[in-house]
Amino acid sequence: MQKIAPLLFVVTAFFPLISIASPETQVQSERELRTECAFEITGVRECLQQKERASEVVLKDAEKRVLDVLTKWDEDPKYSSQAKAKLIASNKAFGQYRDAQCAFASALGGGAIGNALEMGRLACVAELNGRRAFQLRDLVSDLPMK
């Protein structure tokens with residue numbers, strides 16, 4: 001029993017840190033993404049490509065979950081339908097914004113070679129997708145369900 005108590009203490013002492021560091025509550029910035037990938041054996045560009053693809057999956061999942069929540073929302077169906085339509089329009093506008101913003105961020109690389117410019121764009125896309133997914137989940141987190 002004495003061996004279990006210290007282990008239990010360690011698990012319970014660090015449990016709050018685990019929840020704080022979960023991907024749902026923490027969004028990495030472009031700089032943090034590039035720094036993290038700088039030490040990858042596979043290469044910085046490949047690492048950022050993986051992060052960009054992973055952020056796309058996270059964003060699509062968040063969009064789907066929000067639609068599911070809106071379907072189960074304890075509100076008049078008319079308002080649920082309106083919210084769904086506005087979400088779809090917002091998702092489209094976000095994609096356009098993200099592409100334009102990341103093109104701008106990439107342009108700030110100036111005369112850097114194309115690979116460096118692409119790495120900046122990938123980090124930008126990954127960050128904005130993460131922020132959008134967090135924002136979507138947060139917006140519907142306290143809606144009353146049927």
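The values are calculated or read from the model by the stated rules, or taken from the named source; none is laboratory data. As the structure is a computational prediction, the values presented were derived from the model and not from experiment. Reconstructed Cβ throughout: ideal geometry from the backbone, glycine too, with neighbour counts over all protein chains shown.
Odds and ends about this structure:
- Number of residues in the range 85-102 that are surrounded by fewer than 15 Cβ atoms within 10 Å (Cβ to Cβ) and basic (Lys, Arg): the value is 2.
- Number of residues in the range 73-106 that are part of a helix (DSSP H, G or I) and over 23 Å from the mean Cα position of the chain (by Cα): the value is 6.
- When residues of the range 103-132 are limited to those that are within 13 Å of Lys51 (Cβ to Cβ), of a type in the set (A, V, I, L, M, F, W, C) and at pLDDT 95 or above, the one surrounded by the fewest Cβ atoms within 10 Å (Cβ to Cβ): Leu128
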